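Comments concern the structure below.
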Amino acid sequence: MAGAGGILLGLFALPVMIPDYPRAVGALLGVYGAASLVWLGAVWRVVQSQAVGPQTLRLVVVFALLFRVVVVFQAPIQDDDLYRYVWDGRMTWHGVNPYQYAPADDALAAYRDPLIFPYINFSYVPTIYPPLTQLAFALVVGLFGETLLAMKLAWTAVDILVIVATIALLRAARIAPARVIVYAWAPLTIKEVAGSGHMDVFPVLLTLLAVLWAGRRPWLGASALGAAVAAKLYPVLLVPLFLRWFRARALLIPVIVVLAAVPFLSAPLGQAARGLVTYGTYWMFNPGLFDLLQRGLSLMTSHHILAAKLLAGIAVILAILWRVRHRDGTMRDLCESVVWILAFTLLLTPTADPWYLLWLLPFLCVHPNPGLLAWMGLSVLSYGFYYAHADVPWLRLIEYTPVFILLLWPLLTRRLSRTRAGIVAGPDPACTPTR
């Protein structure tokens, strides 16, 4: 384990030594691809081992902290979301509603600067980030300044709290806490949080707390889930899973969402939703099953993308209803349901940015599915887009084909084993026709 940790530490330190850093896409794919292989090997060893104790956990945590220290001071690789975070935080801190104005709006000309404003992505679109996240942006800017490093350090601190919460979850589920390696050493986590400073780790922590507290402290669990929905919309898909745990306390979820939105109610609803509507209508990046669905529908209708979104939405709803019906009420079962609902949603979404997969990693510590673990490593291939700033279909084929094979393999082998058993046993005499 120490050897794997040392190799990963060297790989994570390598990018700054590469010419054309941080725009060297080929180097990024090479470094993080190699790191993913080392990580998967270490994960396999921990998951398969029957004797992983406190010493292994200490080793995992120490190296996890070292990885973050090495990477957090590196410039983000092929990523510019941090500029929007700082801008939104600046606007909220100065009393400007980020839902009301796009950064490029002339009304905000007085707030523009040469360090942040020129690098904001889609500056003609108002913010898409939910209200609790906006408050977090403002808090970081107000306390630590309007810098990319301050924002990265804040989310890295939250990332470390996710490690702590995941260890608590594993212990509550009576699973070896060293399995936190699935999240703590994942190159995806290191690159997208310490490296690029993505805020998704914030609602991930809140969702983890909701699961951890669901049975023991349902009031806190419902509050955490409400905060997660107010920080990112994805957790709303998980609400049906928690109803049996929260009961009437589930009313806290919409209450907390509304309370988080209160500071931003100065913007009309239609205007406040403009950024989110633009995202839902036009964004498409690294699609998996959604791409297959819309390509198939394109043979039947010119509105194939809209039809694919509708069918994908229906499929996700059916998956949620199925998981709600088939459950045994244990924490492990709840984690498995969270994994499959979020994974199915991400496979069917038009936009599967690699940092969205962070949602799965803590719960994969409890339910380490091979296909989904492979996706965590292969998702780095999505950055091949930045070679020519265009979709690279053959890279997506390499990314998703192993994932689909590994996800479907248990079903295929089960069907084959049943077929072989039927051939060996022969026909049932009770079913043989007689004269």
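Numerical summary
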quantity	calculated
Residue-averaged [θ]222 nm for the chain, counting only DSSP H segments that reach four residues, each worth -39500 (n - 2.57)	-19500 deg cm²/dmol
Label zone at Leu306, where the point sits 7 Å out along the Cα-to-Cβ direction: the range 278-294 residues whose backbone N lies under 16 Å	278, 280-283, 294
Charge context of Ala154, other residues only, Cβ under 13 angstrom, K/R +1, D/E -1	0
At R0 = 22 Å, FRET efficiency that the Cβ-Cβ distance of Leu292 and Thr413 yields, to 0.05	0.45
Cα-Cα P(r), the range 148-197, percent of pairs per 10 Å interval	28, 46, 23, 4
Accessible surface, the chain, averaged per residue in Å² (probe 1.4 Å)	46
Stretch gain in nm, segment Ala273-Trp44, where the contour uses 0.36 nm per residue and the Cα spacing is subtracted	78.1 nm
Helix runs (DSSP H) in the chain reaching 24 Å along axis by Cα, Kyte-Doolittle at least 0.5	25-48, 54-72, 148-172, 304-325, 331-348, 393-425
Under 15 Å from the Cα of Lys191 - aspartates and glutamates, other chains or at least 8 residues apart	Asp79, Asp80, Asp81, Asp159, Asp200, Asp353
Neighbour cut-off at most 14 other Cβ (10 Å), DSSP loop, trypsin sites (Lys or Arg not before Pro), the range 3-67	Arg23
Potential lengthening between Arg58 and Ala107 on full extension [0.36 nm per residue; Cα-Cα distance subtracted]	12.4 nm
Heavy-atom accessible surface of the range 300-348: percent carbon and sulfur, 1.4 Å	71
Pair-distance profile P(r), taking every C-alpha pair of the range 265-346, with 5 angstrom steps and integer %	3, 13, 17, 16, 15, 14, 13, 8, 3, 0
Shape box of the range 114-154 [Cα atoms, principal axes, largest first, Å]	27, 26, 14
Solvent-accessible area, 1.4 Å probe, carbon plus sulfur percent, for the range 1-52	66
Relative intensity, log₁₀ I(q)/I(0), of the chain from a Debye sum that treats every alpha carbon as a point, q = 0.07, 0.12 Å⁻¹	-0.36, -1.08
Radius of gyration and Dmax over the Cα atoms of the range 100-233, both given in Å	17.3, 56
Convex hull of the range 198-326 built on C-alpha atoms - directionally averaged projected area, nm²	9.9
Ranking by accessible area, most exposed first, for Arg327, Arg332, Arg247 with a 1.4 Å probe	Arg247, Arg332, Arg327
Proximal lysines to Lys232, defined as alpha-carbon separation beneath 19 angstrom and excluding residues fewer than eight positions away on the same chain	Lys152
Local net charge near Leu373, Cβ-Cβ under 15 Å (Lys/Arg +1, Asp/Glu -1)	0
Spatial separation of Cα centroids for the range 343-378 and the range 28-95, in angstrom	15
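The values are calculated or read from the model by the stated rules, or taken from the named source; none is laboratory data. Computed from a predicted model, the values in this text were never measured in an experiment. Cβ atoms come from the backbone with ideal geometry, glycine included; neighbour counts cover every protein chain shown. Calculation scope for accessible area: heavy atoms of the full protein, side chains included, ligands and nucleic acids excluded. Shrake-Rupley method; radii C 1.70, N 1.55, O 1.52, S 1.80 Å.
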